[in-house]
Amino acid sequence: QCLYQFLVFVPPSNGSERKPGTAAVMLDTQHPLTLLLNSSVADGELCKIQYHFGEFGNYSLVVKTLSTSTKNVSCDLVINEGPINSYLPILFAFLVYMGILSILIVGRLLMKIDPVRNWVYKKLNPRETDRLINSDLGSPNTADSVSGNPAPRLWSSAPRQRLRSLDTFRGLALIIMVFVNYGGGKYWFFKHESWNGKQHFPSALCSRFVFIMGTSISLSLSSTLRRGSSKWKVLGKILWRSFLLILLGIIVVNPNYCLGPLSWDNLRIPGVLQRLGFTYLVVAALELLFARAGAESGTLETPCPALRGILPFWLQWIFILMLEVLWLCLTFLLPVPGCPRGYLGPGGIGDFGNYANCTGGAAGYIDRLLLGDKHIYQHPSSNVIYQTTMPYDPEGILGTINSIFMAFLGLQAGKIILFYQDQHKQIMSRFFIWTIVMGIISAVLTKCSKEEGFIPINKNLWSVSYVTTTSCFAFFLLLLIYYLVDVKRLWSGAPFFYPGMNSILVYIGHEVFENYFPFKWKMQDTQSHAEHLTQNLTATTLWVVISYLLYRKKIFWKI
């Protein structure tokens, strides 16, 4: 529902020389376009053509007058030069990485030879470092193994084995986030949606970092309380970590290298780490407040054993549901000047240009009202297609409510792991049930459509349907990785396991050193997917290598 935008004026042909009037223009190839040809002599539509142009193709729209009336014309689209196959660099990169994987598999087979294996283990022995790490944000531990002693221990101090699947999940989400932030080879499907729509798989994984943070909170707090730490001491650590995350986030999103002192007048306040910090504060404090001895081991009696991961914590659920009611009321009932109530559109030329200054509806209005226009993101993804002029921050205040909801769903995954310690079938079956439940809720909210649902999937707004949809896939992905890594041990989690162990360092490092060599260099052809993909994959791979070397050196940045 976008307004037509003026593209080009085609001059009239030179009748005496029989030379046609021509005009050249460059078009976007991400979406199908509708070309509308109007007469400059008499108002009226001459012809309309919808076409999805190919990348670097050359086309001609040939318009011929069929009669003396300028209203009777023919419009033919001619392909002068066919578009290129822009996906070949992806295929080549895939083959390169498959070659590297093949070499690693051969190395794994060599490890089955006793002399080789003994020599390598003596030199490396990386798994021994597991016992050195225990971080609330980035390094959860698994629950205790089921003991043969039937007598329950409410706050057990038994040591725990590390869950590699959680670090692998976190590392996978983080590395794809790094690749997307570096540019994703300039492919449209590695970018965030301009507004409504299911996020493409790579960019959708980024939001699942919030989900796995919630899972880590559950396991880490349980481990801390089992060691006998007081709740006040744990609360102090939660407050300190949240403060550090928010402070680091403000520093990262406001780079001012070589430009002198940063002015408060244009300091951006929201950001990814800021949202993670505040989400962590709320969810961790909520979990700490209602932590109950015996609940995690399933020794508390509940009316319905199948819901023992939910019923003992009904007060937490009431709090989260109240937050969701607050989000719904503010989103659909808050009066926004010059905008209809409940507006969820992008503004700009969207919705036929009727609400040009209403980008984000209530979410954008609250940010501009409380933080100020200059303290939020100035270049949202919506301004590319919808030509919006209003600043809008995808990490704004209202969306943080739903990020808390998503982290809380991740918290439930952690509770499942705790309640059903080493009962793999129980854990995986409940992950699958949550997958189905979240999928059904998403289908109802969106009516299985992009634009026509009650609440469309929208990452910029962090809508409820976005949270339920991404959580649906997060539960399923966690189930799959848990099965491969911790149940069947068919996969060690490498290489994603290593950045998952140093997630804060990798995220901040990739933001700070984004424009420095060897993560970025001047390209000869800025329009080449091959060059962009090579640069972005090189930078991402370097962070994997760095995280592996840090793992080998037993260096872990904990907050």
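The values are calculated or read from the model by the stated rules, or taken from the named source; none is laboratory data. Note that the structure is predicted; figures quoted are calculated from it, not measured. Here the Cβ is made from the backbone with ideal geometry for all residues, glycine too, and neighbour counts use every protein chain on show. When the accessible area is computed, the model is the full protein with side chains, heavy atoms only, and any ligands, DNA or RNA have been set aside. Shrake-Rupley method; radii C 1.70, N 1.55, O 1.52, S 1.80 Å.
Okay, here's what the table says:
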| item | result |
| --- | --- |
| Cut-off under 5 Å, modelled amide H: who pairs with Phe53 long-range | Leu33 |
| Solvent-accessible area of Cys2 with every protein chain in place, 1.4 Å probe, in Å² to the nearest 10 | 60 Å² |
| Relative contact order (%) - the chain, alpha-carbon pairs under 8 angstrom, separation at least six | 18 percent |
| C-alpha long axis of helix 272-289 to longest principal axis of the chain, angle in ° | 40 degrees |
| Å² of accessible area per residue within region 1-84, as computed with a 1.4 Å probe and no ligands counted | 77 Å² |
| Violating pairs (Cα-Cα greater than 20 angstrom) within the set Lys237/Lys558; Lys186/Lys522; Lys459/Lys558; Lys112/Lys488; Lys48/Lys191 | Lys459/Lys558; Lys48/Lys191 |
| Per-residue SASA entry for Ser39, accessible area with 1.4 Å probe, Å² rounded to 10 | 20 Å² |
| Hz values of 3J(HN,Hα) by residue in region 90-99 - Karplus curve (6.51, -1.76, 1.60), Gly and Pro given as x | 5, 4, 5, 4, 4, 5, 5, 5, 5, x |
| J(HN,Hα) series, region 533-547, from Karplus relation 6.51 cos²θ - 1.76 cosθ + 1.60, nearest Hz, glycine and proline x | 5, 4, 5, 5, 5, 4, 4, 5, 5, 4, 5, 5, 5, 4, 5 |
| Per-residue SASA entry for Met111, accessible area with 1.4 Å probe, Å² rounded to 10 | 50 Å² |
| Cα-based helix-to-principal-axis angle, 314-333 vs the chain, degrees rounded to 10 | 10 degrees |
| Using alpha-carbon coordinates, inclination of helix 397-419 to the longest axis of the chain, degrees | 40 degrees |
| Volume of the Cα convex hull of region 1-84, divided per residue and given in Å³ | 109 Å³ |
| Amide H within-cut-off set for Gly348, under 5 Å, with H built and near neighbours excluded | Ala356, Asn357, Cys358, Thr359, Thr389 |
| Region 373-422-region 488-546 distance, computed between alpha-carbon centres (Å) | 23 Å |
| Heavy-atom accessible surface of the chain: percent carbon and sulfur, 1.4 Å | 64 percent |
| Rounded, prolate or oblate (a/c below 1.5 giving rounded, otherwise prolate when a/b exceeds b/c) for region 460-503 by Cα gyration tensor | oblate |
| Convex hull volume per residue in cubic angstrom - Cα atoms of the chain | 196 Å³ |
| Helical contribution to [θ] at 222 nm, DSSP H n ≥ 4, -39,500 (n - 2.57), averaged over the chain, rounded to 500 | -15000 deg cm²/dmol |
| 15 Å beta-carbon shell around Leu505, net charge (K/R +1, D/E -1) | +3 |
